[in-house]
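One structure below.
Quick note: the coordinates plus some simple rules give every number you see, no bench work behind them. Remember, predicted model here, so these are calculated numbers, not experimental data. Methodologically, a virtual Cβ is constructed for each residue, glycine included, from the backbone with ideal geometry; neighbour enumeration extends over all protein chains shown.
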Amino acid sequence: MPPLRRRLRSRGFAAGTVVAALAFSLLSVPGLRTQGRAPEPQDPAQQKRLEWFHQAKYGLFIHWGLYAIPAGEWQGRRIPGIGEWIMNRARIPVREYGQLAGQFNPVKFDAGEWVKLAQDAGMKYIVITSKHHDGFALYQSKVSTYDVVDATPFGRDILKELAEACAKAKMPLGFYYSQAQDWHDPNGAGNDWDFGPDDRKDFDKYLRGKAEPQVRELLTGYGPVALLWFDTPRMMNVGDRARRFTDIVRKLQPDTLIDGRLGVAGDYVTTGDNVIPPDVQNTAWEVPATINHTWGYKSYDHDWKSPGTIIFKLVDIVSKGGNYLLNVGPRADGIIPEPSQYVLRSAGAWLKVNGEAVYGAGPTPFGDELGEPSSKGAKDLRGQPLMLARTEWRVTTKPGKLYVTFFAEPRAPFELPAMTNTVKRAYRLADGAPVDFKVQDGKTVLNVERPIYDPMATVVVVEIDGPAVIRGTR
Ligand code: H79
């Protein structure tokens with residue numbers, strides 16, 4: 001049986017149109033179909049490597065490179081789109097863009113400060129761009145001199161400093177590596193303004209001469225690498241191209257996780273950028289996401305998500321079985337924009353009190369709370385049935401416990417979806433205050449105090465008999 005049907009069945013969904021619509025719309029999630037390749041059924045070694053990842057749930061993504069200098073503007077013009085794409089979007093010739101290296105001097109960079117931010121934010125791993133599509137490496141490479149040590153006045157190995165700071169704090173560190181696109185290399189994918197169309201390039205020459213050796217460098221010079229985050233697998237489905245990377249990783253660091261964008265199945269599924277699936281996913285998965293609308297720093301993007309939005313997305317993602325990899329784009333001086341820091345630390349304060357509902361927590365056993373397909377037959381941008389998400393509450397789980405997180409005042413009284421389990425105890429996670437409940441028509445009804453304790457998000461812990469919810473009426 002395909003995983004989706006198996007999941008629906010195991011969760012006790014009735015057959016019918018709603019299920020069909022849900023199934024249909026799930027298949028339409030672009031990130032899960034096109035970018036994220038479902039891993040093979042998990043072998044025990046893979047399950048073992050994924051253990052920390054399932055516990056962690058929330059990570060810090062860092063996009064940093066030469067693009068932080070123009071910060072979204074080129075020759076006095078604002079270049080639309082994501083900041084790290086400026087070389088591409090403005091068609092900047094390699095020779096011109098490369099001169100930015102001579103200006104890269106982030107004297108305020110302090111790896112310890114960045115790790116401290118991740119810790120304050122309640123984030124449990126860090127992933128940084130070691131080389132983005134522009135081809136510039138943030139560490140000392142022997143394969144190319146287009147790197148921070150050999151080509152900039154700064155001359156310090158940023159990855160080395162970050163790896164040391166992470167090791168000291170026991171913070172897992174992973175590296176983003178753009179394996180296919182390299183706008184600096186004549187044979188890398190993507191740069192058609194200097195080097196012509198990709199189909200006339202010697203792409204394997206680039207892979208063997210730069211990308212593969214650089215991935216080897218990352219896996220040998222920086223201690224344990226928690227994961228490798230490949231991206232945009234252009235032209236990777238030819239021959240053994242993608243497999244050559246998995247072989248390198250497995251040989252040098254068998255515990256390193258591989259994301260879902262290499263070109264062959266990795267250890268987990270990567271959704272589309274900023275795409276949160278509408279329902280619970282069966283495999284390990286992660287959504288990469290921005291706090292504003294860019295990954296690399298843009299001086300004029302001030303549209304920051306609020307801490308409440310970040311907490312909703314995190315709990316929503318965890319309730320669907322996934323991880324949240326949330327990005328910051330440091331400025332060219334080495335400082336992470338203050339508004340990003342504020343948002344992350346505010347969300348971190350909530351997690352200090354309520355983290356038990358997030359770290360190591362499993363998905364919802366219900367699904368009723370996630371939303372429903374539009375009854376008006378409306379279609380989304382991809383022509384699939386439009387899902388109307390509900391955002392009032394979410395459920396995460398641990399053995400014998402449900403964490404019901406309210407983002408808005410619940411209807412009083414609040415009915416939990418039908419389950420045959422009995423409720424032993426219910427209390428607020430933040431202060432332990434008991435929450436009254438009763439059983440009515442076979443359903444457990446919680447009497448949640450209004451207004452809710454924490455208007456951003458209030459967690460009620462519901463202790464049940466048995467390790468997991470069994471759907472059905474008593
Ligand atoms: O690293 C971040 C992005 O740079 C990278 N993935 C995340 C994690 C990414 N690479 N490609 N894409 C995302 C898709 C790019 C789409 C666009 Fe464009 C880039 C839209 C606008 C600029 C390409 C160029 C399509 C239109 C113009």
Given 4 °C and 1.567 mPa s, compute D for the chain with the Stokes-Einstein relation, Rh being the Kirkwood radius over Cα pairs; round to the nearest whole µm²/s.
55 µm²/s
Dimensionless Rg ratio for segment 137-250, taking C-alpha atoms and the 2.2 N^0.38 Å reference:
1.12
Order of 179-186, 388-395 by packing, highest average Cβ count within 10 Å first?
179-186, 388-395
Using all alpha carbons of segment 366-460, what is the percent of pairwise distances in each 5 Å bin, ordered from the shortest bin to the longest?
3, 12, 21, 22, 16, 10, 8, 6, 3, 0
Mean Cα-pair separation over length for the chain, i.e. relative contact order, pairs under 8 Å, 6 or more apart, %
17 percent
Spelling it out for residue 174: with amide H atoms placed in the peptide plane at 1.01 Å from N, the residues 5 or more places away or on another chain with amide H under 5 Å from its amide H are 126, 127, 128, 226, 227
If amide H atoms are modeled at 1.01 Å from N in the peptide plane, then the residues at a separation of 5 or more from residue 401, or on another chain, having amide H under 5 Å from its own are 464
Just list whichever of 48/205; 57/131; 48/320; 298/398 have alpha carbons separated by over 30 Å in the model shown.
48/205; 298/398
When you count, for each residue, the other Cβ atoms within 10 Å and take the mean per peptide, how do 320-327, 130-137, 201-208, 308-315 rank with the highest first?
130-137, 320-327, 308-315, 201-208
By Cβ neighbour count within 10 Å, fewest first, 271, 473 rank 473, 271
Helix-only mean residue ellipticity at 222 nm, the chain, DSSP H runs n ≥ 4 weighted -39,500 (n - 2.57), per residue, nearest 500. What is it?
-7000 deg cm²/dmol
No solvent, one uniform scatterer per C-alpha: report log10 I(q)/I(0) for segment 203-343 via the Debye equation at q = 0.10, 0.12 1/Å, two decimals.
-0.43, -0.62
Straight distance only, please: which aspartates and glutamates reach the Cα of residue 443 with their own Cα at less than 17 Å, same-chain residues fewer than 8 apart left out?
368, 369, 415, 463, 465
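Order 432-440, 209-217 from most to least packed using the mean count of other Cβ atoms within 10 Å.
209-217, 432-440
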Residue span residue 450 to residue 168: 0.36 nm per residue of separation minus Cα-Cα distance leaves a gain in nm of 97.1 nm
Please work out the Cα center distance from segment 254-316 to segment 196-235, rounded to the nearest Å.
22 Å
The exposure ranking of 299, 178, fewest beta-carbon neighbours within 10 Å first, is 299, 178
Final fewest-first order of 458, 232 on the 10 Å Cβ neighbour count is 232, 458
